[in-house]
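Below is one structure, written out as structure tokens, with a few remarks after it.
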Amino acid sequence: MEKVLNSDHPDLATIYNNLGSLYKNLNEKKKALELYEKCKNINEKKKALELYEKCKNIREKVLNSDHPDLARIYNNLGNLYENLNEKKKALELHEKCKNILE
């Protein structure tokens with residue numbers, strides 16, 4: 001599945017969780033734990049992305065468009081999108097950061 005979907009795709013989290021349950025039922029606890037950890041890592045990245053997006057939206061409403069705090073959030077959010085292999089979105093946010101800091 002990882003060959004078809006991005007390694008951080010939300011559907012993979014569900015698949016890892018389901019496989020973990022099956023391995024747990026087969027009493028293969030080490031393999032189950034490994035799959036549960038993969039699921040957890042994907043879900044943590046999704047949660048971080050949600051929180052950063054909320055933060056960005058709030059700061060865009062209350063700060064001037066050239067405020068350094070916005071550059072920081074654009075940079076951090078861009079890094080997270082890059083880690084999630086969403087290069088186009090990452091580039092867009094890094095460009096916003098650069099435009100503020102120049």
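Normalised Debye scattering of segment 10-101 at q = 0.21 Å⁻¹ gives log10 I(q)/I(0) of -0.91, counting only Cα atoms as equal scatterers and leaving out solvent. For LYS98 and GLU34, a Förster radius of 35 Å and the Cβ-Cβ distance give a FRET efficiency of 0.35, rounded to the nearest 0.05.
Since every read-out is calculated from the coordinates, none of them should be taken as a lab result. Computed from a predicted structure; not experimentally measured. Neighbour counts run over all protein chains shown; Cβ positions are idealised from the backbone, glycine included.
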